[in-house]
Amino acid sequence: MNLDVLIRRISKDFEIDKFPEDWGFITADDKKLKKYATKKFLKENRGLILKNSDNANRIFLACFPSTFVLKQIAKQKTKDALLITHHPFDWNGTGMGFKRYSDEDYRLMRRNGISLLFMHVPWDHVRNEPDRVSTAYGTAKKLNMKVEGEFQEYHKATVSVYGRLPVKSVDELVGYVKKKLGKKMLNVFKYGSDEVGLVAIVPGGGNEAEMLEEAHELGVSTYITGCTNRCKNVYSKNKAKKFLEKAKELNMNVIGASHYLTEKWAMQQSVPYFERFGLPVKFVEDKAQLKKLD
């Protein structure tokens, strides 16, 4: 299928041009990215990042465009694939955060004709359709949440949900989340009542004090997010400190289940949408990310 036609159709359906972003904190002074990236991405920080073919014979979905994911695609020995990710860059949640592409990443993509499209805010924007879901709804569905409402605006998109889960105590909830998300370890901060109460799901980097306050005003007593306190980036460390101080102040329980495992379900559950285009579609599990707890 012609890649440009495919990108236009996906971009329209996900309203990519509706949600502006700024990734300058990582793209600034990246000479290799400026050499290989599309003009649109360099100018607008959205959409198709790397175009390594005029066609797409397969579609792969992933949360991050990691070296692990690229190697898995290369093993398929399929030329001219479109990789669609939630984030434009890989993430090291126990290191310094987002990472630039390595020389190996560029080689893997160019050699195998892998083009890269990312949809960060467009995939976060709350959506719960039979064949296409947002990150918050993807995690809510995985946890069998009875969603009662949506909240939290981020870059002109509503990105979070709150509702009820089929458990009563925080200890029960910890075991339940571990089982449902397949995570043996969680970051757990018991700062509130042992009763779970109303639960918020704020995927990924939801460790913002302001987000916590907004959830508290809605009556939320337990807050599930991805990142909590492990990233070594100075900005992230300061943010995590303020976030946990606010959680303690508000007597709210916090569960951190990792950036990856609070977002990947949207990519996995949205496979049916991408099958509309008549191409083989596969979600690529990032086993390297499964080991992380940030």
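Where a number appears in this text, it was derived from the coordinates with a stated rule and is not lab data. A quick note: this is a predicted structure, and the numbers were derived from the prediction, not measured. All Cβ positions, even for glycine, are placed from backbone atoms using ideal geometry, and neighbour counts span all protein chains on display.
Packing around the peptides 49-55, 79-85, taken as the average count of other Cβ atoms within 10 Å per residue, puts them in this order, highest first: 79-85, 49-55. Rounded to the nearest 20 debye, the dipole magnitude of the chain is 1380 debye, with +1 charges on Lys and Arg beta carbons, -1 on Asp and Glu beta carbons, and the Cα centre as origin.
GNM remark for the chain: springs join alpha carbons under 10 Å apart, and the peak mean-square fluctuation among D171, D13, D90 falls on D13. In the chain, the DSSP-assigned H stretches of four residues or longer account for a calculated mean residue ellipticity at 222 nm of -10000 deg cm²/dmol, using -39500 (n - 2.57) per stretch and the full residue count as denominator.
By the count of neighbouring beta-carbon atoms within 10 Å, fewest first, S134, S102, S11, S66 end up ordered S102, S11, S66, S134. Between K12, K183, K246, the residue with the greatest mean-square fluctuation in the GNM of the chain (Cα pairs under 10 Å linked by springs) is K12.
Between the stretch 155-232 and the stretch 50-79, what's the alpha-carbon centroid distance in Å? Computed from Cα coordinates, the inter-centre distance equals 32 Å. Which one, L218, L143, L48, has the greatest fluctuation when you compute a Gaussian network model over the chain with C-alpha springs under 10 angstrom? Top of the fluctuation ranking is L218. Within the shell defined by Cβ-Cβ distances under 12 Å, the residues around A209 carry a net charge of -1, with Lys and Arg each +1 and Asp and Glu each -1. By DSSP, the beta bridges lying fully in the stretch 180-294 are antiparallel in about 25 percent of cases. Net charge of the neighbourhood of K168, taken over other residues with C-beta under 13 Å away and scored Lys/Arg +1, Asp/Glu -1, is -3.
Which links in K34/K79; K184/K242; K178/K242; K178/K232; K51/K287; K180/K264 stretch past 21 Å when you go from one Cα to the other? In this structure, K34/K79; K184/K242; K178/K242; K178/K232; K51/K287 exceed 21 Å between Cα atoms. Summing charges over neighbours of Y191, with a neighbour being any other residue whose Cβ is under 9 Å away from its Cβ, gives +1 when K and R count +1 and D and E count -1. For the stretch 124-261, the antiparallel share of DSSP beta bridges with both residues in that region comes to about 60%.
Within the stretch 124-261, the ratio Rg/Rh, alpha carbon atoms throughout and Rh by Kirkwood, equals 0.93.
Of the residues L50, V133, L117, the one whose Cα sits farthest towards the positive end of the charge dipole of the chain is L50 (charges of +1 on Lys and Arg Cβ, -1 on Asp and Glu Cβ, taken about the Cα centre). Once the Kirkwood radius over Cα pairs is known for the chain, the Stokes-Einstein relation at 37 °C and 0.692 mPa s delivers a diffusion coefficient of 169 µm²/s. With both partners inside the chain, how many of the DSSP beta bridges are antiparallel, as a percent to the nearest 5? DSSP beta bridges in the chain are roughly 50 percent antiparallel.
Going 7 Å from the Cα of R100 along its beta-carbon direction, which residues of the stretch 31-50 have the amide nitrogen within less than 11 Å of the resulting point? Only 31-35 pass the distance filter. Consider a paramagnetic label point 7 Å from the Cα of E44 along Cα→Cβ; state which residues of the stretch 111-149 have an amide N under 20 Å from it. In the stretch 111-149, the label zone of E44 (backbone N under 20 Å from the point 7 Å along Cα→Cβ) covers 115-126.
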